[in-house]
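Below you'll find the structure, written out as structure tokens, and then a few comments.
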Amino acid sequence: MSHTVPTRLQDTVTLNNGVQMPWFGLGVFKVEEGSEVIDSVKNAIKNGYRSIDTAAIYKNEEGVGQAIAESIREYSVPREDLFITSKVWNADQGFQTTLDAFDLSLKKLGLDYLDLYLVHWPVKGKYKETWKALEQIYKSGKVRAIGVSNFHVHHLEDILADAEVVPAVDQVELHPYLSQVGLRDFARSKGIQIEAWSPLGQGLVLKDPVIEALASKHGKSPAQIVLRWNLQSGIVTIPKSVQESRIIANADIFGFELSAEDMKAIDELNQDRRVGPDPDNFNF
């Protein structure tokens with residue numbers, strides 16, 4: 001799967017079922033319910049973002065839903081131009097509990113359908129049953145695409161062994177210190193789109209001398225260099241921010257290009273270093 005590097009904020013990648021997903025979006029992990037999340041989402045949509053990524057466990061779906069409703073009304077953005085993602089939490093995994101969790105997320109968001117619904121973590125002994133529930137939701141038409149999050153290659157292989165629907169997306173921790181090349185290659189071979197959460201490694205990679213040098217070379221911020229690397233690597237990315245100026249700056253990555261040498265320099269920063277939990281070893 002070769003990809004065309006996006007040239008503007010609304011550009012999309014075609015998922016394995018034909019659905020168009022924006023390359024770039026806003027994540028709202030750890031963004032507080034209420035005015036903080038409402039303002040964050042509205043500022044993003046007002047400034048051209050079309051993809052918003054939340055999850056049941058973020059406990060801000062109602063605020064996200066309110067922001068979507070207000071944006072549709074105030075900025076005349078049609079619902080079908082937006083791409084809304086949520087995820088089933090670990091405690092709700094299993095077949096019927098996942099169906100119920102999806103309905104609750106939809107209700108909290110105040111939406112008739114979701115664009116993407118993900119299994120948040122590969123809970124041992126449960127995620128395959130959870131996947132069956134996602135397949136049923138998908139067939140019902142209440143979600144346009146389904147996928148997983150935090151799945152290693154062996155988790156994907158396990159799902160694919162008897163899945164009726166191949167996951168459209170695997171959303172994982174991915175940044176220059178954890179570039180996930182093996183997973184990216186495997187996903188590409190199966191038509192699964194990789195999406196990065198924590199694309200800036202919670203700020204960790206922004207102080208890297210290589211990133212700082214490239215930022216000064218291109219007259220961009222370290223964050224813009226890393227986010228541009230994501231896009232040129234064929235990775236969908238969803239940085240979070242609650243400040244409008246940062247939301248705008250994060251998306252200002254379409255007017256320049258990293259050279260092959262620049263890309264190689266960033267690729268070589270990988271240390272397999274996580275800022276979040278290892279999907280093979282988490283206890284929540």
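The values are calculated or read from the model by the stated rules, or taken from the named source; none is laboratory data. Owing to the predicted nature of the structure, the values given are computational and were not obtained by experimental measurement. Every residue, glycine among them, receives a Cβ derived from its backbone with ideal geometry; neighbour counts consider all protein chains shown.
I'd like the full set of residues that are of a type in the set (A, V, I, L, M) and out of contact with any strand residue (DSSP E or B) (no Cβ under 7 Å at 6 or more places or on another chain), limited to the stretch 186-230. If the condition is that a residue be of a type in the set (A, V, I, L, M) and out of contact with any strand residue (DSSP E or B) (no Cβ under 7 Å at 6 or more places or on another chain), then L204, L206, V210, I211, A213, L214, A215, A223, I225 are the ones that fit. Could you tell me whether any residue of the stretch 247-262 is charged (D, E, K, R) and not in a helix (DSSP H, G or I)? Yes.
Of all residues in the stretch 202-225, those satisfying the criterion of being in contact (Cβ under 8 Å) with a residue 24 or more places away in the chain and either within 21 Å of T85 (Cβ to Cβ) or polar (S, T, N, Q) (or both) are Q202, S221, Q224. The single condition among (1) without any contact (Cβ under 8 Å) to a residue 60 or more places away in the chain; (2) surrounded by 15 or more Cβ atoms within 10 Å (Cβ to Cβ); (3) charged (D, E, K, R) that E173 does not satisfy is (1). With a requirement of 3 or more residues that are in contact with a helix residue (DSSP H, G or I) (Cβ under 8 Å, 6 or more places away or on another chain) and more than 29 Å from W131 (Cβ to Cβ), the helices (runs of 4 or more DSSP H) lying completely within the stretch 3-121 that satisfy it span 35-46, 61-74. Just one of (1) outside any helix (DSSP H, G or I); (2) more than 14 Å from L174 (Cβ to Cβ) fails for G276. It is (2). One residue stands out in the stretch 130-144 among those that are in a helix (DSSP H, G or I) and hydrophobic (A, V, I, L, M, F, W, C): the one that is surrounded by the fewest Cβ atoms within 10 Å (Cβ to Cβ), namely I137. In the stretch 51-106, of all residues being touching an Asp or Glu at 6+ places or on another chain (Cβ under 9 Å) and charged (D, E, K, R), the one that is nearest to W197 (Cα to Cα) corresponds to D53.
Here's the yes/no breakdown for (1) surrounded by 14 or more Cβ atoms within 10 Å (Cβ to Cβ); (2) in contact (Cβ under 8 Å) with a residue 40 or more places away in the chain; (3) farther than 17 Å from V143 by Cα; (4) not hydrophobic (A, V, I, L, M, F, W, C):
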position: G18; (1), (2), (3), (4): no, no, no, yes
position: S40; (1), (2), (3), (4): yes, yes, yes, yes
position: E61; (1), (2), (3), (4): yes, yes, no, yes
position: I72; (1), (2), (3), (4): yes, no, yes, no
position: F83; (1), (2), (3), (4): yes, yes, no, no
position: K108; (1), (2), (3), (4): yes, yes, no, yes
position: Y113; (1), (2), (3), (4): yes, no, no, yes
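With respect to Y127, determine if the residue is of a type in the set (S, T, Y), closer than 29 Å to N281 by Cβ and free of Cβ contacts under 8 Å to residues at least 40 places away in the same chain. Considered against the rule, which asks whether it is of a type in the set (S, T, Y), closer than 29 Å to N281 by Cβ and free of Cβ contacts under 8 Å to residues at least 40 places away in the same chain, Y127 comes out as yes. Residue-level analysis places P199 outside the set of residues that are touching an Asp or Glu at 6+ places or on another chain (Cβ under 7 Å) and either modelled with pLDDT of 95 or more or under 30 Å from L160 (Cα atoms) (or both). Consider D158 carefully, then state whether it is assigned to a strand (DSSP E or B), free of Cβ contacts under 8 Å to residues at least 40 places away in the same chain, within 19 Å of E129 (Cα to Cα) and not hydrophobic (A, V, I, L, M, F, W, C). For D158, the condition - assigned to a strand (DSSP E or B), free of Cβ contacts under 8 Å to residues at least 40 places away in the same chain, within 19 Å of E129 (Cα to Cα) and not hydrophobic (A, V, I, L, M, F, W, C) - is not met.
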